[in-house]
Structure formats: structure tokens, C-alpha cells
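Student: Sharing a structure with you now.
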Amino acid sequence: SPGPDLEETIVAFVHGTLGEFTVNSKNLSAFCDKMEISIEVDTAETTTFGDSWKKFIAGTAGASIKIGGSWDPTTTTGPASAIAAVITGGAAVTFIAEPGGAAVNQGRTGSCLVSSYTETGDVGDRVTFDAEFQVTGAVAFES
């Protein structure tokens, strides 16, 4: 047999529309249409003379988050007010990023700082926002 029967394979894919993002206790999910969590691990090369393949050792891990979506100027609930409230001051705030939604129980949590915030308005299109957060400390993975 060339492989598993596709009709018998059960895969638990989740649609992106279920995603949720909260920062500093403000749920911005209703405004977001994209979210990206990126985790990088520093590596140091340890290749020596005569090696035919490169060798590396792992260093420290770091993470960043990017979100974006529809801008809403509402002063108490919109992304502009929620993110503006944590841009200055230098204090880290909590985040909850759930790419598959809260019901999937695969959220990522931790502390972050706002590293950039952009509002864009184009003729013939909606006003949008983009925000980037630098995670400070470990990212906790729900299971």
C-alpha cells in the first residue's frame, strides 16, 4: 500500500477565523485579521577544520508577535487605545495569543513590550493597523 487511506486519517486542522489575541487584558480579536508568533533560537557555529558539515549549539530563545487588522478609533475598546496605553512607560504587559481560538487549548502566553505600531489609510480601502510586540522572558505553551 502506498500510504494511509485518506478517508481513515483524522486530522484536527483549525480555521484561522477562530484566532484570539489579548494584550494587557484587552481582547483585540474583533479587530485583528492576522497574527504571527515567531520564536527564534540563537545559534553559535562550532564547525572546526576538517568537518564536512556545519555544527551548531543552541543559545537563548526569543519571540516576537505581529498583529494587524481593522483600525477602530473607539477610545475605550479599539486597538488604538489599547496599544497606545502600553506604548510608553517601558513596563512589560501580558499577552495571550491563541491562533486556533480559546477552545483549542493551545494558547501562548507571556509578557511583551510594544516595539512598533502603525496606522495606514489608503484611498478606496479601510483604515488598518499593525503592531509588533517584543516578548520579554519565556513563552508559555498551553497543552
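Student: Note down the net charge around Ile37, summing +1 for each Lys or Arg and -1 for each Asp or Glu among other residues with Cβ under 14 Å from its Cβ.
Tutor: On the way: positive: Lys34, Lys66, Arg108; negative: Glu20, Glu36, Glu40, Glu98, Glu132, Glu142.
Computed value for this residue: -3.
Student: Accessible area per residue, 1.4 Å probe, Å², for the chain: what's the number? Provide the component values of the computation, followed by the final result.
Tutor: Values: 9460 Å² over 143 residues.
Ligands and nucleic acids excluded, the figure is 66 Å² per residue.
Student: Moving on. Where the accessible area of the chain is counted over protein heavy atoms with a 1.4 Å probe, how much of it, in %, is carbon and sulfur? Each step should come with its number before you reach the end.
Tutor: Values: 5240 of 9460 Å².
Accessible surface attributable to carbon and sulfur in the chain totals 55 percent.
Student: Once you list every other residue whose beta carbon is under 12 Å from the beta carbon of Val139, what net charge do they have if Lys and Arg are +1 and Asp and Glu are -1? Before the final figure, lay out each step's value.
Tutor: Numbers: positive: Arg108; negative: Glu40, Glu142.
Neighbourhood net charge equals -1.
Student: Something else about it: Hey, what's the Cα Rg ratio for the range 45-105 versus the globular rule of thumb, 2.2 N^0.38 Å?
Tutor: Normalised by 2.2 N^0.38 Å, the Cα Rg of the range 45-105 equals 1.96.
Student: What net charge do the residues around Gly68 carry, taking every other residue with its C-beta under 10 Å from that of Gly68, with Lys and Arg at +1 and Asp and Glu at -1? If you can, show how the numbers build up before the last one.
Tutor: On the way: positive: Lys34, Lys66; negative: Asp33, Glu36, Asp130, Glu132.
My count for the surroundings of Gly68 gives -2.
Student: Tell me the label-point distance for the pair Ile57, Ser38, using the 7 Å Cα-to-Cβ offset, in nm and rounded to one decimal.
Tutor: My value for the distance between the label points is 2.7 nm.
Student: While we're on this one: Amide H neighbours of Thr77 under 5 Å, at least 5 residues apart or on other chains, H built in the peptide plane: list them.
Tutor: HN-HN under 5 Å from Thr77: empty list.
Student: Could you work out the relative contact order of the chain, using alpha carbon pairs under 8 angstrom and six or more residues apart, expressed as a whole percent? Intermediate results must be reported in sequence, preceding the final value.
Tutor: Values: 280 pairs, mean separation 34.6, N = 143.
This gives 24 percent for the chain.
Student: Let me ask another. Can you pull the one-decimal nm distance between simple spin-label points at Ala12 and Val123, each 7 Å off the Cα toward Cβ?
Tutor: It works out to 5.0 nm between the two label points.
Student: For Lys66, list the aspartates and glutamates whose Cα falls under 18 Å from its own Cα; do not include residues on the same chain fewer than 8 positions away.
Tutor: Glu20, Asp33, Glu36, Glu40, Glu98, Glu119, Asp130, Glu132
The values are calculated or read from the model by the stated rules, or taken from the named source; none is laboratory data. All values derive from a computational prediction rather than experimental measurement. A quick note on method: Cβ atoms are made from the backbone with ideal geometry, for glycine too, and the neighbour counts reach across all protein chains shown. For accessibility, only protein heavy atoms count, side chains too; no ligands or nucleic acids. Shrake-Rupley method; radii C 1.70, N 1.55, O 1.52, S 1.80 Å.
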